[in-house]
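**Q** Quick one: the structure is below, and I'll ask about it shortly.
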Amino acid sequence: MVSRRVREIEYAIRDIAVIANEVKKKGKKVYHLNIGDPLLYDFKTPQFTSEALGKVSLEGKNFYADSLGIIELREEISKFLKINNNLEVNLDDILITTGVTEGIYFILAALIENNNELLIPGPTYPLYINNTRFYDGIPVEYELDENDDWDPNIDDIRKKITEKTQAILICSPNNPTGVLYSKKKVKQIIDLAGEYNLPILSDEIYDQITYEKEYTSPASLSKDVPIIGMNGFSKSHLMTGWRLGYLYYHDPENKLKDLKEGIAKMARARLSASCIAQYAAIEIFRRPSDHTAEMVKKLKERRDYSYKRLRQIEGISCVNASGAFYLFPRIDLREFPKWKDDKEFVISLLKETGVCTVYGSGFGEFGKNHFRVTFLPTIDVLEEVYNQLEGFLK
């Protein structure tokens with residue numbers, strides 16, 4: 001017997017990799033544009049953090065850490081939030097997690113049950129859909145308007161708030177669209193949440209990977225609406241396999257007291273995030289480094305090239321990314337009736353050319369008729385990819 005919770009889990013980003021492995025076995029070269037992991041390409045973890053990891057282990061810091069996270073790392077995160085976001089966050093309002101993924105588990109486990117609803121952007125990162133359902137809730141997608149550079153549709157959010165709504169999720173820069181919400185729309189969402197006495201969940205894992213537009217923390221715009229921020233070291237600091245993230249609470253009126261205690265109980269029950277990873281990550285804050293700036297510079301070149309090539313392919317349209325490292329092109333299936341939907345198109349593309357992308361419907365209802373690509377590979381690899389895609393559609 002298998003539970004309903006397990007049967008219903010879908011994760012398109014990794015599910016497509018199973019088919020890619022079958023394609024590889026047949027001797028075909030596969031271009032992996034499906035996984036958002038910079039370390040699978042030409043990006044490297046900063047040497048000083050790797051050295052710090054070995055050093056703290058040799059020094060004997062191989063024990064269980066405090067369940068909230070080691071104090072020294074929480075102190076550095078508190079300083080970072082003050083300097084970058086002008087936020088005063090106490091140490092007890094910071095929780096170190098095993099990646100942002102664990103933070104999502106914690107928050108949704110504490111918020112969702114009995115068909116309660118979570119308002120999430122559409123398209124959205126599939127973990128929010130899966131986990132809301134896992135905890136017997138209903139994910140309700142609000143529209144990111146493709147005709148408005150994927151900015152949130154505030155009227156659509158208002159229409160979808162019900163008595164069962166538990167929170168509103170902001171995911172900016174967004175996965176899968178790569179778009180940074182406008183500051184105006186973020187403030188409108190916060191005001192709407194305040195009107196209905198709802199907390200905001202803010203996924204900020206790509207906050208340091210932005211291009212022309214500057215990132216603004218939702219919590220910095222909120223005077224009284226409680227905001228739970230989710231961030232980590234995977235993307236901006238090239239530490240994906242370290243599985244290290246954190247939650248922070250911006251809660252001026254102490255509305256989240258019970259929720260925070262519930263999440264702290266879960267943290268204690270799972271013991272702690274990796275102790276040596278936490279001690280090593282302190283160096284990120286204490287040592288000057290330009291690894292993030294260098295990565296963003298490379299990514300901007302690859303984004304510009306990808307956007308240019310995609311726009312030149314007949315039957316494809318695309319909104320440019322202002323953050324993260326994804327583009328989310330639309331495929332006009334009226335021009336290509338050979339495929340009934342985006343999933344069939346992506347699988348056919350993979351099997352015939354080896355180009356591995358992710359079907360847009362895997363990111364929710366608003367993702368249909370799209371596919372997601374990462375622009376993490378080098379320009380020469382991206383050139384091969386778009387040549388293959390263009391030839392395939394012709």
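Residue-by-condition table, conditions (1) more than 27 Å from E141 (Cα to Cα); (2) of a type outside the set (S, T, Y); (3) at pLDDT below 95:
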| position | (1), (2), (3) |
| --- | --- |
| D258 | no, yes, no |
| R311 | yes, yes, no |
| N320 | no, yes, no |
| A324 | no, yes, no |
| P337 | yes, yes, yes |
| G360 | no, yes, no |
| F363 | no, yes, no |
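**Q** Also: For segment 164-172, state whether one or more residues are out of contact with any strand residue (DSSP E or B) (no Cβ under 9 Å at 6 or more places or on another chain), in a loop (DSSP other than H, G, I, E, B) and either at pLDDT 95 or above or closer than 27 Å to R303 by Cα (or both).
**A** no
**Q** Consider segment 103-128. How many of its residues are under 19 Å from the mean Cα position of the chain (by Cα) and either of a type in the set (F, W, Y) or surrounded by fewer than 23 Cβ atoms within 10 Å (Cβ to Cβ) (or both)?
**A** The total comes to 7.
**Q** Would you pick out the residues in segment 110-134 that are under 19 Å from L198 (Cα atoms) and part of a loop (DSSP other than H, G, I, E, B)?
**A** The answer is I112, E113, N114, N115, N116.
**Q** Could you please let me know if L180 is over 24 Å from A109 (Cβ atoms), outside the structural domain of K300 (by TED's automatic domain parsing), not in a helix (DSSP H, G or I) and not aromatic (F, W, Y)?
**A** Considered against the rule, which asks whether it is over 24 Å from A109 (Cβ atoms), outside the structural domain of K300 (by TED's automatic domain parsing), not in a helix (DSSP H, G or I) and not aromatic (F, W, Y), L180 comes out as yes.
**Q** Within segment 153-169, restricting attention to residues that are surrounded by fewer than 24 Cβ atoms within 10 Å (Cβ to Cβ) and among the β-branched types (V, I, T), which residue is nearest to P226 (Cα to Cα)?
**A** Across segment 153-169, the extreme among qualifying residues is T165.
**Q** Does A281 satisfy the condition of being in the same structural domain as P152 (by TED's automatic domain parsing) and among the small types (G, A, S)?
**A** Taking the combined requirement at face value, the residue satisfies it.
**Q** Quick check on this structure: which one of K159, K61 is more than 20 Å from R243 (Cα to Cα) and assigned by TED's automatic domain parsing to the domain that holds M230?
**A** Selected residue: K159, the only one of K159, K61 that is more than 20 Å from R243 (Cα to Cα) and assigned by TED's automatic domain parsing to the domain that holds M230.
**Q** Can we say G60 is surrounded by 18 or more Cβ atoms within 10 Å (Cβ to Cβ), modelled with pLDDT of 95 or more and among the small types (G, A, S)?
**A** Criteria not met by G60.
**Q** Are there any pairs, at least 6 apart or on different chains, whose C-beta atoms fall under 9 Å, with the first in segment 12-40 and without any contact (Cβ under 8 Å) to a residue 60 or more places away in the chain and the second outside any helix (DSSP H, G or I) and of a type in the set (G, A, S), and if so, which?
**A** K24/G354
**Q** Could you give every pair whose Cβ atoms fall below 6 Å, whose first residue belongs to segment 264-275 and is at negative phi and modelled with pLDDT of 95 or more, and whose second residue is assigned to a loop (DSSP other than H, G, I, E, B) and β-branched (V, I, T), counting only separations of at least 6 or pairs across chains?
**A** Between residues of segment 264-275 that are at negative phi and modelled with pLDDT of 95 or more and residues that are assigned to a loop (DSSP other than H, G, I, E, B) and β-branched (V, I, T), the close pairs are A273/T98.
**Q** I'm trying to understand the selection: among the residues of segment 33-66, which are within 30 Å of I379 (Cβ to Cβ), part of a loop (DSSP other than H, G, I, E, B) and in contact with a strand residue (DSSP E or B) (Cβ under 9 Å, 6 or more places away or on another chain)?
**A** L33, N34, I35, G36, D37, Y41, listed by residue number.
**Q** Checking E22 against (1) surrounded by fewer than 16 Cβ atoms within 10 Å (Cβ to Cβ); (2) part of a loop (DSSP other than H, G, I, E, B); (3) modelled with pLDDT under 95; (4) not small (G, A, S), which test does it fail?
**A** Of (1) surrounded by fewer than 16 Cβ atoms within 10 Å (Cβ to Cβ); (2) part of a loop (DSSP other than H, G, I, E, B); (3) modelled with pLDDT under 95; (4) not small (G, A, S), only one is false for E22: (2).
The values are calculated or read from the model by the stated rules, or taken from the named source; none is laboratory data. Here the structure is a predicted model, which is why all the values come from computation and not from measurement. All Cβ positions, glycine included, derive from the backbone under ideal geometry; neighbour counts span all protein chains shown.
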